[in-house]
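Below: one structure, written as structure tokens.
The values are calculated or read from the model by the stated rules, or taken from the named source; none is laboratory data. A quick note: this is a predicted structure, and the numbers were derived from the prediction, not measured. Don't worry about glycine lacking a Cβ; one is built from the backbone with ideal geometry, like all the others, and counts go over all protein chains shown. In case anyone asks, the SASA skips ligands and DNA or RNA and just uses the protein heavy atoms, side chains included. Shrake-Rupley method; radii C 1.70, N 1.55, O 1.52, S 1.80 Å.
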Amino acid sequence: MTEPLRPGATIGILGGGQLGRMLSVASSRLGLKSHIYEPGNAPPAGQVADQVTTSPYEDTVALEAFANTVDVITFEFENIPAEALDTLEAIRPVMPNRAALATSQDRITEKDFLTGLGLACAPYANVEIADDLAKAVALVGAPAILKTRRFGYDGKGQTRLKTEADAQKAWEELGMTPSVLEGFVDFSHEVSVIGARSLSGEVVCFDPGENVHRDGILHTTTVPAKLTLSQQTDAAILTGKILNALDYVGVMGVELFVTPQGLLVNEIAPRVHNSGHWTQNGCVIDQFEQHVRAVAGWPLGDGQRHSNVVMTNLIGDEVNDVAELSKDASVGLHLYGKADAKPGRKMGHVNKITGSA
Ligand code: AMP
């Protein structure tokens with residue numbers, strides 16, 4: 001794709017959860033159409049998209065039909081099967097690109113890539129098979145965290161080792177699947193940067209947000225984050241380095257640990273990110289519009305923040321607090337249209353404006 005998409009063009013989005021939904025809304029506000037592809041029934045994004053295909057990623061015929069109705073394809077999650085990508089890429093451009101997906105799908109590939117760029121990560125070692133465990137423990141030490149190389153999210157697929165003696169138990173707990181052993185980082189707090197890169201290579205970052213997790217799930221993101229000016233600059237520079245190295249197009253979330261020795265990269269997400277939801281009420285151009293602009297080949301917004309914000313996720317039946325929350329004129333409500341408020345399910349979020357930037 002070399003020409004910017006024209007109004008009326010269609011963005012294909014793989015995944016129909018809340019991120020796909022908010023990408024659809026952003027597309028619509030820019031005069032673009034959206035077509036959601038989602039294996040699960042009644043996707044939340046389907047309520048706001050122009051078209052929805054509900055079919056598994058193994059359905060080549062459905063994938064081809066989907067690709068033929070859209071101008072560009074993007075995604076809301078990183079675990080898209082390689083064969084599905086082969087099918088889609090043969091018909092339309094997929095952005096962000098395959099290198100970005102492959103890098104973020106596997107924690108070892110990701111850490112090798114990041115350290116190869118000269119960026120700091122927690123000490124890590126590959127645990128492909130049981131025999132690797134002793135060597136990894138000797139290298140990384142304890143305390144440590146064992147994480148599955150693939151398919152981890154919201155703190156799932158990982159377990160902590162207090163001492164080296166816990167290694168075997170941790171390995172069994174994770175299902176003896178290829179994993180990475182990571183040294184436990186004694187960070188003071190966690191921040192993330194939402195960065196974007198355009199088709200022409202322009203890079204823009206939103207201000208870093210400070211993240212607090214509860215039960216492994218993001219609870220709040222606060223901007224501004226507690227960072228010195230030089231840490232803020234470091235965060236933006238390292239994000240730009242990652243985006244450029246991947247020849248990336250779109251929005252990316254970069255999670256960082258803040259330590260006395262500097263910033264360590266925890267992980268990257270090649271998509272719009274929960275910790276970037278504050279931009280919806282803190283910036284003129286939010287992360288969803290920024291992503292749509294990037295994949296449409298349009299110029300990016302400058303990432304400028306006009307307000308201080310605290311974003312809070314509404315998990316499970318916390319969504320019932322909406323009536324009360326809506327009385328506060330400084331709170332922007334964002335609900336995902338999900339029917340069942342199951343425990344642990346992200347049902348919506350609120351952005352509370354806490355001052356001017
Ligand atoms: P992840 O799935 O890698 O994002 O990890 C989920 C959460 O676990 C992070 O947000 C941190 O709070 C914590 N965590 C992950 N890796 C480490 C580490 N190496 N040291 C300390 N805490 C960690």
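The table that follows gives values for the structure above.
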| read-out | value |
| --- | --- |
| Helices (runs of 4 or more DSSP H) fully within segment 73-130 counting 1 or more residues that are over 21 Å from the mean Cα position of the chain (by Cα) | 82-89, 107-116 |
| Test for residue 198: is it within 11 Å of the ligand (Cβ to nearest atom) and touching a residue at least 12 places away in the same chain (Cβ under 8 Å) | no |
| Counted residues, segment 77-114 - those being in contact with an Asp or Glu (Cβ under 8 Å, 6 or more places away or on another chain) and away from the ligand (no atom under 16 Å from the Cβ) | 10 |
| Residue in segment 155-163 that is farther than 22 Å from residue 267 by Cα and part of a helix (DSSP H, G or I) present | no |
| Strands (runs of 3 or more DSSP E) contained in segment 184-226 and holding at least 1 residues in contact with a Gly (Cβ under 8 Å, 6 or more places away or on another chain) and surrounded by fewer than 19 Cβ atoms within 10 Å (Cβ to Cβ) | 209-214, 217-223 |
| Residue check, residue 67 assigned to a helix (DSSP H, G or I) and open to solvent by 10 Å² or more (accessible area, probe 1.4 Å) | no |
| Where residue 287 falls short, out of the listed (1) surrounded by 17 or more Cβ atoms within 10 Å (Cβ to Cβ); (2) at pLDDT below 95 | (2) |
| Scope segment 115-134; condition away from the ligand (no atom under 11 Å from the Cβ) and under 24 Å from residue 212 (Cβ atoms); matching residues | 119, 120 |
| Residue match in segment 135-153 (condition: more than 15 Å from the ligand (Cβ to nearest atom), open to solvent by 10 Å² or more (accessible area, probe 1.4 Å) and not in a strand (DSSP E or B)) | yes |
| Residue 284 being among the aliphatic types (A, V, I, L, M), within 16 Å of the ligand (Cβ to nearest atom), out of contact with any helix residue (DSSP H, G or I) (no Cβ under 6 Å at 6 or more places or on another chain) and within 28 Å of residue 356 (Cα to Cα) | no |
| Yes/no for residue 265 being assigned to a strand (DSSP E or B), surrounded by 21 or more Cβ atoms within 10 Å (Cβ to Cβ) and touching a strand residue (DSSP E or B) at 6+ places or on another chain (Cβ under 8 Å) | yes |
| Test for residue 167: is it within 16 Å of the ligand (Cβ to nearest atom), touching a Pro at 6+ places or on another chain (Cβ under 8 Å) and not hydroxyl-bearing (Ser, Thr, Tyr) | no |
| Any hit, segment 159-167, residues being more than 20 Å from residue 216 (Cβ to Cβ), open to solvent by 60 Å² or more (accessible area, probe 1.4 Å), at pLDDT below 95 and under 29 Å from the mean Cα position of the chain (by Cα) | no |
| Checking residue 339 against (1) over 21 Å from the mean Cα position of the chain (by Cα); (2) modelled with pLDDT of 95 or more; (3) closer than 23 Å to residue 14 by Cα, the condition it does not meet | (2) |
| Near pairs, Cβ below 6 angstrom, 6+ apart or cross-chain, from segment 232-257 (open to solvent by 40 Å² or more (accessible area, probe 1.4 Å)) to any residue that is within 16 Å of the ligand (Cβ to nearest atom) | 234/263 |
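Table: residues versus (1) in a loop (DSSP other than H, G, I, E, B); (2) of a type in the set (Ser, Thr, Tyr); (3) within 20 Å of residue 209 (Cβ to Cβ).
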residue: 288; (1), (2), (3): no, no, yes
residue: 298; (1), (2), (3): yes, no, no
residue: 301; (1), (2), (3): yes, no, yes
residue: 319; (1), (2), (3): no, no, no
residue: 350; (1), (2), (3): no, no, yes
